[in-house]
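Undergrad: The structure's right below; bear with me while I get my questions together.
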Amino acid sequence: MTEAQHRRVSANGMQFHLVEAGSGPLVVLLHGFPQSWYSWRHQIPALAENFRVVAVDMRGYGGSDCPPAVVDYRIEALTADVAALIHALGARTAHIVGHDWGGIVAWAFAVRYPDMVDRLVLLNYPHPVEFARKLRTDPRQLLRSWYMFFFQLPRLPEWAMRRRDGTALVGAMFRQMAVRPDTFTEEDLDEYRRNIMRPGAATAMVNYYRAAFRGFGALHRQDRVAAPTMVIWAEDDVALGRELTRNLPARFSGPFRIEYVAECSHWVQEEHPDLVNRLLSEHLRGEVIATNEHFSTDG
């Protein structure tokens with residue numbers, strides 16, 4: 001296995017920072033809020049044993065360009081980034097893996113660019129249609145999602161994120177949410193804090209939510225995904241309830257598999273890296289294809 005390399009790639013009129021390792025079929029890893037490529041640090045070496053794995057800083061994050069406008073974070077732009085990156089990496093297709101917001105982009109990419117997706121993996125990703133319905137009908141999910149409404153305010157969310165040099169948000173989101181208290185080291189927290197404190201980064205991160213709420217890109221498309229898909233869902237996610245997965249199989253026309261991970265928070269690939277690595281390897285190598293639910297409680 002080759003050592004992971006940091007580099008910048010031009011795609012879709014922007015510069016993206018990414019971390020690349022291994023050789024073989026291309027796997028693109030898309031992170032969530034408020035993270036970066038670093039959230040895949042445990043998966044990169046494991047996947048690089050069989051794949052060419054690329055963990056990307058999505059636009060507005062880490063070392064990638066940070067456009068300032070809300071409209072810059074519409075779903076068309078986010079999915080076009082992925083398509084352009086795949087081409088810039090010299091490939092025509094890729095396995096796409098996304099967590100949180102990366103999962104939303106991964107799903108939308110699979111709908112908009114179906115011929116470019118080999119296999120799809122979504123980690124604690126709520127389907128936009130089902131999520132919107134739950135926000136209208138389920139008071140518990142509405143309460144869990146309070147921050148999304150807070151993010152629609154001008155300037156105040158950015159101030160809250162950057163308060164105490166980002167330590168307040170990072171501590172609350174990672175240390176306090178994690179089921180396993182030793183999941184995040186001080187070095188891990190410093191990495192995410194520095195990410196938030198980059199000039200323009202806090203606004204960029206919040207603009208993902210603002211663009212979605214303003215309807216930029218019509219996230220609520222009904223299209224079904226044909227690519228073989230696996231969903232990995234941590235059962236102790238304080239922001240996204242397990243009930244959001246109830247109707248997920250109907251959103252996919254191809255082979256579909258879901259794995260529930262017990263005693264695990266939203267940060268599933270960091271809290272249970274060995275289990276997630278095994279599941280990713282199985283699915284991406286085509287070792288298990290199923291249309292029924294599977295339950296994973298160990299790891």
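Undergrad: If I stretch the segment between Ala168 and Asn50 completely, what's the gain in nm (0.36 nm per residue apart, minus their alpha carbon distance), one decimal?
TA: Length gained between Ala168 and Asn50: 38.6 nm.
Undergrad: Still on this structure, I have one more. To two decimal places, what compactness ratio does the range 120-182 give when its Cα radius of gyration is scaled by 2.2 N^0.38 Å?
TA: The value comes to 1.37.
Undergrad: Per DSSP H run of n ≥ 4, the term is -39500 (n - 2.57); total these for the chain, divide by its residue number, and report the mean residue ellipticity at 222 nm rounded to 500 deg cm²/dmol.
TA: The helix-only estimate for the chain comes to -9500 deg cm²/dmol at 222 nm.
Undergrad: Per 5 Å bin, what is the whole-percent P(r) computed from every C-alpha pair distance within the range 91-217?
TA: For the range 91-217, the binned pair fractions read 2, 9, 14, 18, 19, 18, 12, 6, 1, 0 percent.
Undergrad: How many nm separate the modelled label positions at Arg242 and Gln152, each set 7 Å beyond the Cα in the direction of the Cβ?
TA: Label-label distance for Arg242 and Gln152, simple model: 3.1 nm.
Undergrad: Which trypsin sites (Lys or Arg not before Pro) does the range 227-278 hold that lie in a coil by DSSP with at most 16 other beta carbons within 10 Å?
TA: Here the sparse-neighbourhood loop sites are Arg246.
Undergrad: Continuing with this model, one more query. Quick check: pseudo-label points 7 Å beyond the Cα along Cα→Cβ at Arg224 and Ala88, how many nm apart are they?
TA: Going by the 7 Å Cα→Cβ label model, 3.5 nm.
Undergrad: For the range 75-152, which trypsin sites (Lys or Arg not before Pro) pass both filters: DSSP loop (anything but H, G, I, E, B) and at most 11 other C-beta atoms within 10 Å?
TA: Answer in residue order: Arg92.
Undergrad: Compute the length gained on full extension between Asp274 and Phe213: take 0.36 nm times their separation in residues and subtract their Cα-Cα distance, giving the result in nm to one decimal.
TA: Residue separation times 0.36 nm, minus the Cα-Cα distance, leaves 18.4 nm.
Undergrad: Quick one: order Met230, Met197, Met161 by neighbouring beta-carbon count within 10 Å, fewest to most. Each step should come with its number before you reach the end.
TA: Working: Met230 24, Met197 15, Met161 21.
Lowest to highest Cβ neighbour count: Met197, Met161, Met230.
Undergrad: In what order do His42, His266 fall by count of nearby beta-carbon atoms within 10 Å, going from fewest to most?
TA: Listed from fewest to most nearby Cβ atoms, that is His42, His266.
Undergrad: Now for a separate question. Sorted from largest down, what three extents in whole angstroms do the Cα atoms of the range 5-296 have along their principal axes?
TA: 46, 43, 39
Undergrad: Set the Förster radius R0 to 51 Å, insert the Cβ-Cβ distance between Ala262 and Ser10 as r into 1/(1 + (r/R0)^6), and round the FRET efficiency to 0.05.
TA: 0.75
Undergrad: So, one more: If I histogram all Cα-Cα distances within the range 149-238 using bins 10 Å wide from 0, what percent of pairs lands in each bin?
TA: Each 10 Å bin holds this share of Cα pairs: 14, 32, 34, 19, 1.
Undergrad: Considering only DSSP beta bridges with both partners in the range 5-296, what is the antiparallel share in %, to the nearest 5? Don't skip to the end; give the middle numbers.
TA: On the way: 11 of 40 bridges.
Rounded to the nearest five, the antiparallel share is 30 percent.
Undergrad: Taking 0.36 nm per intervening residue step and subtracting the Cα-Cα distance, what contour gain separates Thr137 from Asp182 on full extension? Mind dumping the intermediate values first?
TA: Values: separation 45, 0.36 × 45 = 16.20 nm, distance 3.60 nm.
That pair, Thr137 and Asp182, stretches by 12.6 nm at full extension.
Undergrad: Sorting Glu191, Glu271 on the 10 Å Cβ count, fewest up front, what's the list?
TA: Ascending number of Cβ neighbours within 10 Å: Glu191, Glu271.
Read the figures in this text as sums done on the coordinates, not as results from a lab. Note that the structure is predicted; figures quoted are calculated from it, not measured. Using ideal geometry, Cβ is built from the backbone for each residue, glycine included, and neighbour counts are taken over all protein chains shown.
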